[in-house]
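Presented below is the structure to which this report refers.
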Number of protein chains: 2
Amino acid sequence: MMNDIVENAMLDKLASLFPRSPLQLNRMQESDAEVVLPGTGNGSAIAVTIDSIAEEIATGLYKDPWLIGWMTVMVSMSDLAATGARPIGILISELLPKNCEKAFLERLQEGIGDACHACGTSVLGGDTNFSDGLILTGCALGTVEANRRLSRIGCRPGDLLFASGPLGKGNAYAASRLLQQRPASLTYQPRARLAEGEALAGIATACMDTSDGVLATLDQLMRLNRVGFTLDENWEQAIDAEAGNQARRLAIPPWLLLAGEHGEFELLFTAAAECESRLMARAGQIGWQPLRIGHVESNPVIRMRLYGTVQPLDTARIRNLPHATHGDVRLYLSSLLTMDAELRRKLDNIVTNA
Amino acid sequence: MMNDIVENAMLDKLASLFPRSPLQLNRMQESDAEVVLPGTGNGSAIAVTIDSIAEEIATGLYKDPWLIGWMTVMVSMSDLAATGARPIGILISELLPKNCEKAFLERLQEGIGDACHACGTSVLGGDTNFSDGLILTGCALGTVEANRRLSRIGCRPGDLLFASGPLGKGNAYAASRLLQQRPASLTYQPRARLAEGEALAGIATACMDTSDGVLATLDQLMRLNRVGFTLDENWEQAIDAEAGNQARRLAIPPWLLLAGEHGEFELLFTAAAECESRLMARAGQIGWQPLRIGHVESNPVIRMRLYGTVQPLDTARIRNLPHATHGDVRLYLSSLLTMDAELRRKLDNIVTNA
């Protein structure tokens, strides 16, 4: 009887791929809002975040429906990770094109389901509407004991800077998808660093995910904490190998893999130098190897070794480039390459004058 | 320094109109996910819901930016109300057109802020992106003691059926906006029935909001509970006076104000007959007057008095009409008018044959 109604039949089908959360009190369709027990002790807080995947679809960056579904879950789960939270679940609002094909929709739902499975969480509910284009919005919920939550604010000069994993894959993928006629078969399938985020309680002095790219993340941490960051001389070792190869093929200087705005969804975090061994011990327990990539300085500037010398970077200009180039991908990349050329020219001048 | 970054400056501006929740542990920009203390005792659950406002904007049903902001908050808050939850706050994802004017955006934010104020709640966070059209998605959170939550399921034959307030304004507004050259100055500004939802704990045997119109809501309650509903003979007294006038001007039969899919965001709920006086007493305490509009029957059909006789309605056909008419508003209305004509013809036949 329920499925005599087209909308019910559609929701039933959309939801059937997803397992229910054991914490959810209501069954399908039983409630106007989903009701979940946080399932933690006293002093526990709710962490919640919302993210839409729209531009990535409109520009053609994400075409594979499975990846669109996967990313809808992962971008929100990554925010929970950066807060040290454990996921309760996710709600998803799907705006589907009116002519959406069945196979496309199934792959989309599979991507959502697979990402939830990878994060040990479930879809709690959602909303489905029809629109001109495809837009997905995820709203993830988690719990975190108030005294275990991670914040973007709290790092101090002298703290060490870490990445949760290799960097640059988001931008290598974007460059390949948007600039190459035949995109390389680069795998892009970020996993929210949830266990890692939880392991950082009491250790990380600041933490943020790289959803907008590494330099944008550092720039934001710089502004919020009124400190600076200097990357280690060997920063290139933190670049993902596949991403590095891709950059070489496209003749893109490797530091631009950190500058571009399409992130790899790793965590960047800081810790006091005396906590490094405790961090590494705790990381080892969950089979994780954080990468030490730099340190915090009092002077609010971001510096890295480029073309033989440690240079300050105009990260405000880098972050504002997407606005300045109005979403024109080729103009955006050529503007980044112009910045690279300016840095090299500046150096040539220094060398020439010396 | 923060506002050197265009995105930060924009977010700062967007958020400045909204007061912060006292339950929120993180400050602006401090956290990848917003962190809130549920602020209730043991046994309390989190209620959460997501809703996008997209079609209403695309079709021109909502044009006033203030109303778009207001509705973004109210549709989600209304879902919390139907669950008996008390709001914690809302997250809002805004997809803005690239050429969005400053004054438009300010009115939009004002509508969001005013609706939050009316619900005694706050914006917890959000996400802003640019897109071709305007789309807003709200995700509201609330708390409800597990034993006080309202559900759509639980009503029994003999229970009485109530509406939280006058009905039909959603469809009167829609008819005016979409069909009239000069829309009437009908005020449409639904308020989520939050205090009313909380007052229904332990009384309502089933509850659902009329976001999709009254008959669609009853149809869904019928399917979920495997019961039927008969409206009282005097159901027209529950029609909002302004909505009734508007229907007369447009020559729309009043029952179609219950059939259309644009809701008034009232609650429909059921209660055992012996609870009626307790309901009215508790309602009186918060200055509320629920409207008794019908009762629950065992036969799963929805019936109301039309053209002199109590008739069963094909509510599946009514609910599936938006799909069948592919979003063509005039075709949708003419299909509803065809159904009305069929009902009248059927009656003429009965009278003629008698």
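The values are calculated or read from the model by the stated rules, or taken from the named source; none is laboratory data. Source: prediction; values computed, not measured. FYI the Cβ positions are ideal-geometry reconstructions off the backbone, even for glycines, and counts take in every protein chain you see.
So here's what we get for this one:
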quantity: Test set (1) at the interface with chain B (Cβ under 8 Å from one of its Cβ atoms); (2) farther than 30 Å from residue A:202 by Cα; (3) modelled with pLDDT under 90 - residue A:14 fails condition number; calculated: (1)
quantity: Verdict on residue A:333 being more than 14 Å from every other protein chain (Cβ to nearest Cβ), under 24 Å from residue B:7 (Cβ atoms) and in a helix (DSSP H, G or I); calculated: yes
quantity: Residue among B:137, B:121 that is closer than 19 Å to residue B:211 by Cα, among the hydroxyl-bearing types (Ser, Thr, Tyr) and touching a strand residue (DSSP E or B) at 6+ places or on another chain (Cβ under 6 Å); calculated: B:137
quantity: Lone qualifier among B:91, B:80, B:108 - being touching a residue at least 24 places away in the same chain (Cβ under 8 Å) and more than 10 Å from chain A (Cβ to nearest Cβ); calculated: B:108
quantity: Helices (runs of 4 or more DSSP H) completely within the stretch B:240-308 that count 1 or more residues being within 24 Å of residue B:220 (Cα to Cα) and out of contact with any helix residue (DSSP H, G or I) (no Cβ under 9 Å at 6 or more places or on another chain); calculated: B:276-285
quantity: Selection status of residue B:224, closer than 25 Å to residue B:196 by Cβ and part of a helix (DSSP H, G or I); calculated: yes
quantity: Residue within the stretch A:281-295 that is crowded, with 21+ Cβ neighbours inside 10 Å, hydrophobic (A, V, I, L, M, F, W, C) and under 24 Å from residue B:4 (Cα atoms) present; calculated: no
quantity: Given (1) touching a strand residue (DSSP E or B) at 6+ places or on another chain (Cβ under 6 Å); (2) not in a loop (DSSP other than H, G, I, E, B), number of the condition residue B:173 does not satisfy; calculated: (1)
quantity: Neighbours by Cβ (under 8 Å, 6+ apart or cross-chain): first from the stretch B:257-278, at positive phi; second surrounded by fewer than 22 Cβ atoms within 10 Å (Cβ to Cβ) and of a type outside the set (A, V, I, L, M, F, W, C); calculated: B:265/B:191
quantity: Boolean, residue B:96 is crowded, with 17+ Cβ neighbours inside 10 Å, under 28 Å from residue B:322 (Cβ atoms) and more than 8 Å from chain A (Cβ to nearest Cβ); calculated: yes
quantity: Top-ranked residue of the stretch B:204-221 - restricted to ones that are in a helix (DSSP H, G or I) and touching a strand residue (DSSP E or B) at 6+ places or on another chain (Cβ under 9 Å), ranked as surrounded by the most Cβ atoms within 10 Å (Cβ to Cβ); calculated: B:214
quantity: Verdict on residue B:269 being within 12 Å of chain A (Cβ to nearest Cβ), buried (at least 24 other Cβ atoms within 10 Å of the Cβ) and over 23 Å from residue B:67 (Cβ atoms); calculated: yes
quantity: Residues located in the stretch A:58-92, provided they are modelled with pLDDT of 95 or more, under 25 Å from residue A:16 (Cβ atoms) and of a type in the set (Gly, Ala, Ser); calculated: A:69, A:76
quantity: Total residues in the stretch A:114-168, condition in contact with a Pro (Cβ under 8 Å, 6 or more places away or on another chain) and within 14 Å of another protein chain (Cβ to nearest Cβ); calculated: 13
quantity: Hey, residue B:15 in contact (Cβ under 8 Å) with a residue 60 or more places away in the chain and farther than 30 Å from residue A:267 by Cβ or not; calculated: no
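Here's the yes/no breakdown for (1) at pLDDT 95 or above; (2) more than 16 Å from the chain's Cα centre (by Cα):
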residue: A:208; (1), (2): yes, no
residue: A:216; (1), (2): yes, no
residue: A:222; (1), (2): yes, yes
residue: A:226; (1), (2): yes, yes
residue: A:231; (1), (2): yes, yes
residue: A:236; (1), (2): yes, yes
residue: A:241; (1), (2): yes, yes
residue: A:244; (1), (2): yes, yes
residue: A:249; (1), (2): no, yes
